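K.L.:
Could you have a look at this structure, given as structure tokens, before my questions?
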Amino acid sequence: MKRINIKCPYCGSRALLRPASVVYERTLPGEEVYVCARFPVCNAYVSAHRDSHLPMGTLADQPLRQKRRQAHIALSQLWERGLMTRKEAYRWLQVQLSLPESEAHIGHFSAYRCDQVIDLCGRFAGTGRRAA
Ligand SMILES: [Zn+2]
């Protein structure tokens, strides 16, 4: 398993790879998270990929996790309503935000970018749902 060094973007502490049960109540066996060494004082973490053990994005605090969740929901409505396939939705987002494919992952987005995603998806889906 490859060891990688990541730092918490909020406090600069090391992020540690831990079983997901340290932050979530319900987890699946083998689930892991990168969590700030100062957790829970510093409430920042991000899920890890099961196979590679690499982080799914950057560590996020509670408000940013919430924003990313909202952005995921906004984007998933595009394929859930049959407006595009999932693959098309990610490509569309990439074009809308002028991002290379490697960066077009909500797990890497700031709160500002998440708001953009929520607005774009709401406009496309015609729900008029705007970022709060
Ligand atoms: Zn931290």
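The values are calculated or read from the model by the stated rules, or taken from the named source; none is laboratory data. Since we're looking at a predicted model, the values are computed, not measured. Here the Cβ positions follow ideal geometry from the backbone for every residue, glycine too, while neighbour counts run over all protein chains shown.
K.L.:
Among the residues of region 27-51, write down those that are within 12 Å of the ligand (Cβ to nearest atom) and either crowded, with 19+ Cβ neighbours inside 10 Å or not hydrophobic (A, V, I, L, M, F, W, C) (or both).
P.N.:
Selection gives Tyr34, Val35, Cys36, Arg38, Phe39, Pro40, Asn43, Ala44, Tyr45, Val46.
K.L.:
Further question: Among the residues of region 15-26, write down those that are within 16 Å of Pro55 (Cβ to Cβ) and either more than 16 Å from the ligand (Cβ to nearest atom) or surrounded by fewer than 14 Cβ atoms within 10 Å (Cβ to Cβ) (or both).
P.N.:
Across region 15-26, the qualifying residues are Pro19, Ala20, Tyr24.
K.L.:
Does Val23 satisfy the condition of being among the β-branched types (Val, Ile, Thr) and either touching a strand residue (DSSP E or B) at 6+ places or on another chain (Cβ under 7 Å) or under 24 Å from Tyr10 (Cβ atoms) (or both)? Reasoning before the result, please.
P.N.:
Working: among the β-branched types (Val, Ile, Thr): yes; either touching a strand residue (DSSP E or B) at 6+ places or on another chain (Cβ under 7 Å) or under 24 Å from Tyr10 (Cβ atoms) (or both): yes.
So Val23 passes the test.
K.L.:
Could you grab me the full set of residues in region 1-13 that are near the ligand (Cβ under 9 Å from one of its atoms) and either in contact with a Cys (Cβ under 8 Å, 6 or more places away or on another chain) or not basic (Lys, Arg) (or both)? Full working, then the answer.
P.N.:
The initial filter retains those residues of region 1-13 that are near the ligand (Cβ under 9 Å from one of its atoms), namely 7-13.
The answer is Cys8, Pro9, Tyr10, Cys11, Gly12, Ser13.
K.L.:
Considering only residues that are in a loop (DSSP other than H, G, I, E, B) and of a type in the set (Val, Ile, Thr), which ones fall in region 49-86? Don't jump to the end; show me each part of the working.
P.N.:
Pass one, region 49-86, residues in a loop (DSSP other than H, G, I, E, B): 49-54, 56-59, 61, 81-85.
Hits for region 49-86 are Thr58, Thr85.
K.L.:
Something else about it: Might you check whether a residue that is in contact (Cβ under 8 Å) with a residue 12 or more places away in the chain, over 23 Å from Arg123 (Cβ atoms), more than 18 Å from the chain's Cα centre (by Cα) and assigned to a helix (DSSP H, G or I) occurs anywhere in region 19-29?
P.N.:
Within region 19-29 (the criterion being in contact (Cβ under 8 Å) with a residue 12 or more places away in the chain, over 23 Å from Arg123 (Cβ atoms), more than 18 Å from the chain's Cα centre (by Cα) and assigned to a helix (DSSP H, G or I)), the answer is yes, since at least one residue qualifies.
K.L.:
Also, I was wondering about something else. Give me the pairs, please: first residue somewhere in region 37-59 and at positive phi, second residue anywhere and exposed (fewer than 15 other Cβ atoms within 10 Å of the Cβ) and hydrophobic (A, V, I, L, M, F, W, C), beta-carbon distance under 8 Å, and either six or more positions apart or on two chains.
P.N.:
From residues that are at positive phi, the pairs are His53/Met1.
K.L.:
Also, I was wondering about something else. Scanning for something within 16 Å of the ligand (Cβ to nearest atom), at pLDDT 95 or above and closer than 30 Å to Ala125 by Cα, does region 64-76 turn up at least one residue?
P.N.:
There is at least one residue in region 64-76 that is within 16 Å of the ligand (Cβ to nearest atom), at pLDDT 95 or above and closer than 30 Å to Ala125 by Cα.
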